[in-house]
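For reference, the structure is listed below as structure tokens.
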């Protein structure tokens, strides 16, 4: 049976509205998706590091309670867990401030033995962090060599633009290994200085694919907030509208979109070679599933899909 692997950092998210803390939960880009996938019953493996403190222990327990395999979690002795403050604006989008212990940037887990049809979810600055690059390069290159599916969520924040000269080569290398690249319009604006105010979003998505992604990876998924989702392949460009939604918080929206795509690929038993031949109707179903994951998270102050949503999904798989 294939496995799902997540690799990324953990942080402790404190979410504010109108200057007041609303909730505090363990988080992280790949982490949020992996927790949702664990709730949905696929028993994913999370490769990460936690601090040797109360938050680290809370985060480890949170993974275990949600069906995540923690055998690849390192405890960094004497290090403090990372904190993230998320300030929601009037659109319920978040602006972030991060507080990190530099000594915490290390992962001591062994690289798993990957197989074809395994799925590896990775991304954000963790995937290009120069301090961690030796570890992530080994992990990702071995997954690629095993013909696993590598799902790369670029997730590049404006706060890291100053790091681009140092990490751009790693971003390109990640794209070369990736089976699917997923990024938001905002990600690509930060990376390549694009004018994302262009009204023709199809044209902009095509430009991103042709000039920046297709030389490295054949499949690109572009998200654009409440605007349509674009799936671009060598001979196709599919566009899927986003259903109207009243949001409570968009923290975790993109992470759980990723979880929905990965969940769908997992249950299809997909491999990299099969993906390129996937019909449009199947892409439509995958994106609709991803939008359901994302919508469920956006309707609550949470980083992960609800227990009720997860139970409903598991019931559909076994029905």
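Structure notes:
- Scan of the stretch 127-153 for residues that are touching a helix residue (DSSP H, G or I) at 6+ places or on another chain (Cβ under 7 Å) and under 29 Å from residue 101 (Cα atoms), ordered by number: 127, 128, 130, 132, 133, 136, 140, 141, 150, 151, 152, 153
- Residue 204 being without any contact (Cβ under 8 Å) to a residue 24 or more places away in the chain and in contact with a helix residue (DSSP H, G or I) (Cβ under 9 Å, 6 or more places away or on another chain): yes
- When residue 131 is tested against (1) part of a helix (DSSP H, G or I); (2) more than 24 Å from residue 290 (Cβ to Cβ), just one condition goes unmet, and that condition is (1).
- Taking the listed residues 74, 2, the one that is part of a loop (DSSP other than H, G, I, E, B) and either touching a strand residue (DSSP E or B) at 6+ places or on another chain (Cβ under 9 Å) or without any contact (Cβ under 8 Å) to a residue 12 or more places away in the chain (or both) is 2, with no other qualifying.
- With a requirement of 1 or more residues that are under 18 Å from the mean Cα position of the chain (by Cα), the helices (runs of 4 or more DSSP H) lying completely within the stretch 139-258 that satisfy it span 164-177, 185-192.
- Search result, residues across the stretch 63-91 that are buried (at least 18 other Cβ atoms within 10 Å of the Cβ), within 26 Å of residue 250 (Cα to Cα) and at pLDDT 95 or above: 63, 66, 68
- Residues within the stretch 19-40 that are out of contact with any strand residue (DSSP E or B) (no Cβ under 7 Å at 6 or more places or on another chain) and either in a helix (DSSP H, G or I) or under 16 Å from residue 258 (Cα atoms) (or both), tallied: 6
- The set of residues in the stretch 225-246 being touching a helix residue (DSSP H, G or I) at 6+ places or on another chain (Cβ under 9 Å), surrounded by fewer than 18 Cβ atoms within 10 Å (Cβ to Cβ) and either without any contact (Cβ under 8 Å) to a residue 40 or more places away in the chain or under 20 Å from residue 91 (Cβ atoms) (or both) consists of 225, 227, 228, 237, 239, 242, 243, 245, 246.
- Within the stretch 279-319, tally of residues that are outside any helix (DSSP H, G or I) and touching a helix residue (DSSP H, G or I) at 6+ places or on another chain (Cβ under 8 Å): 4
- Within the stretch 251-271, considering residues that are over 14 Å from residue 286 (Cα atoms) and out of contact with any helix residue (DSSP H, G or I) (no Cβ under 7 Å at 6 or more places or on another chain), the one modelled with the highest pLDDT: 254
- In the set 36, 29, only one residue is buried (at least 24 other Cβ atoms within 10 Å of the Cβ) and within 21 Å of residue 80 (Cβ to Cβ); that residue is 29.
- Filter result (touching a residue at least 60 places away in the same chain (Cβ under 8 Å), closer than 18 Å to residue 158 by Cβ and not in a loop (DSSP other than H, G, I, E, B)) within the stretch 77-117: 84, 85, 86, 87, 88, 94, 96, 98
- Filter pass, residue 56 being part of a helix (DSSP H, G or I), buried (at least 22 other Cβ atoms within 10 Å of the Cβ), free of Cβ contacts under 8 Å to residues at least 60 places away in the same chain and more than 18 Å from the chain's Cα centre (by Cα): yes
The values are calculated or read from the model by the stated rules, or taken from the named source; none is laboratory data. Please read all numbers here as calculations on a predicted model, not as lab measurements. Methodologically, a virtual Cβ is constructed for each residue, glycine included, from the backbone with ideal geometry; neighbour enumeration extends over all protein chains shown.
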